[in-house]
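Visitor: Below is one structure. I have some questions about it.
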Amino acid sequence: MKPRPLPKTVAPLPDELLSGWLSRLAAANYCDDAELLAHIKIDTAQGTALDFSVDAATAERIANAARVEPDVVRSLTFPAMTPREASLTAQMPFQHCMQCSREGLSLRHWRRAWAFDCQVCGTSLVQTLGKPGEEQISGKLIYRARRGAGMLECAARSRGPKQLRRAMRAVTFAMSLKTFRGDPSFAVQNPRSEVRLFCLAAIAAARSQPLAKTAIVSKSIDDYARVALLRAFEKEPRLLAAVDHIAQRRAKSAGPMTAASHN
Ligand SMILES: [Zn+2]
């Protein structure tokens, strides 16, 4: 059964996500998201999954209700992604643009782990769990994180896996320093800015100072940094052995209580 067409329709905007457009459609028709989905006979639990794939029957029902072509509905979902891109694309919103959100927008590029500034208005994106008093975050960290984000994008879109592997190794290193557990690809999609910015900044830092080199040149590598280094190289046994050897030697010559500088 086809749902009745809604009284009002809204034109999708460039880069808009299906879930965001459906919210605007609901608002234009004076109902909430759940009521709209019920009208189109879509399970509410399916709501955000629609951004990644929408089957032909569902696209048809939405198109009919919104009085647009089914192709328009499909164009609001993510296009096919490489596994690398997919691992760095958030299933749920983790950051947004304050300015565009106020107008009810939800854009596709905000979901990318490397997105840093809104491509529509240029405002810096904010983490969904960011604290209001973010001024404690230094300008230097933000500057480095923005550079790291750009490098992450290049790595995610590069042909070979090498660049991304290097970037993720830096993230793993940063995570260990912050005692943050989990998958490195999730750390750069973290809804808390202190974790995400630190990890992105590490990608930029590792470019000018590769981690293995960090182990070699560090005059004072403490146990903490040593564990972080080991964790970063965990998946590469040969490099791990070399790094451990260097780090141990350094730790011995520097003494156990020396504070390390990670900048
Ligand atoms: Zn914006």
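Visitor: With label points built 7 Å along Cα→Cβ from the Cα atoms of Cys121 and Arg181, find their separation and express it in nm.
Guide: Label at Cys121, label at Arg181, 3.9 nm between them.
Visitor: Let me ask you something else. Using only Cα atoms and rounding to the nearest 10 degrees, what angle (0 to 90) does helix 193-208 make with the longest principal axis of the chain?
Guide: 50 degrees
Visitor: Related question: Taking +1 at the Cβ of each Lys and Arg and -1 at the Cβ of each Asp and Glu, which of Leu50, His39, Ala80 sits farthest along the dipole of region 18-80 towards its positive end, judged by Cα position relative to the Cα centre?
Guide: Ranked along the dipole, the leading option is His39.
Visitor: Given a Förster distance of 35 Å, report the FRET efficiency between Asp15 and Ala45 from their Cβ-Cβ distance, rounded to the nearest 0.05.
Guide: So, using R0 = 35 Å, E works out to roughly 0.90.
Visitor: Please get the size of the charge dipole for the chain, origin at its Cα centre, with Cβ charges of +1 on Lys and Arg and -1 on Asp and Glu, quoted in debye to the nearest 20.
Guide: 1280 debye
Visitor: Right, here's the next one. Tell me which cysteines of the chain come out unpaired when the rule is another cysteine's Cβ under 4.7 Å.
Guide: Cys31, Cys121, Cys154, Cys199
Visitor: Which value in deg cm²/dmol, rounded to the nearest 500, describes the helix-derived mean residue ellipticity at 222 nm for the chain, given -39,500 (n - 2.57) per DSSP H run of n ≥ 4 and division by the residue count?
Guide: Result for the chain: -15500 deg cm²/dmol, rounded to the nearest 500.
Visitor: Here's another thing I want to ask about it. Please work out the Cα center distance from region 11-46 to region 130-205, rounded to the nearest Å.
Guide: If we compute the Cα centre of each part, the gap is 32 Å.
Visitor: With everything on Cα atoms, drop me the angle between helix 237-254 and the longest principal axis of the chain, reported from 0 to 90° to the nearest 10.
Guide: With both axes taken from Cα atoms, the answer is about 50 degrees.
Visitor: Also, I was wondering about something else. So if each residue of separation counts as 0.36 nm, and I subtract the Cα-Cα distance between Gln91 and Ser158, what length gain in nm does that give?
Guide: 21.9 nm
Visitor: Let me ask something else. Roughly how many nanometres apart are two label points built 7 Å out from the Cα toward the Cβ at Lys8 and Glu234?
Guide: Modelled inter-label distance: 5.1 nm.
Visitor: Please identify the GluC sites (Glu not before Pro) of region 72-150 that satisfy two criteria: DSSP loop assignment and at most 13 other Cβ atoms within 10 Å. Which are they?
Guide: Counting only loop positions with at most 13 other Cβ atoms within 10 Å, the GluC sites (Glu not before Pro) in region 72-150 are Glu103.
Visitor: Now a separate question. Ranked from highest to lowest mean number of other Cβ atoms within 10 Å per residue, what is the order of the peptides 171-178, 4-11, 153-160, 90-97?
Guide: Going by the mean number of other Cβ atoms within 10 Å, highest first, we get 171-178, 90-97, 153-160, 4-11.
Visitor: Could I have the simple spin-label model distance between Val72 and Cys31, label points 7 Å from Cα toward Cβ, reported in nm to one decimal?
Guide: 1.8 nm
Visitor: Percent of alpha carbon pairs in region 18-80 separated by more than 13 Å?
Guide: Above the 13 Å cut-off, region 18-80 has 58 percent of its Cα pairs.
Read-outs: derived from the displayed coordinates by stated rules, not from any lab. Predicted model only: the values in this text are computed from it and were never measured. Because the Cβ atoms are built from the backbone with ideal geometry, glycine has one as well, and the counts that use them run over all protein chains shown.
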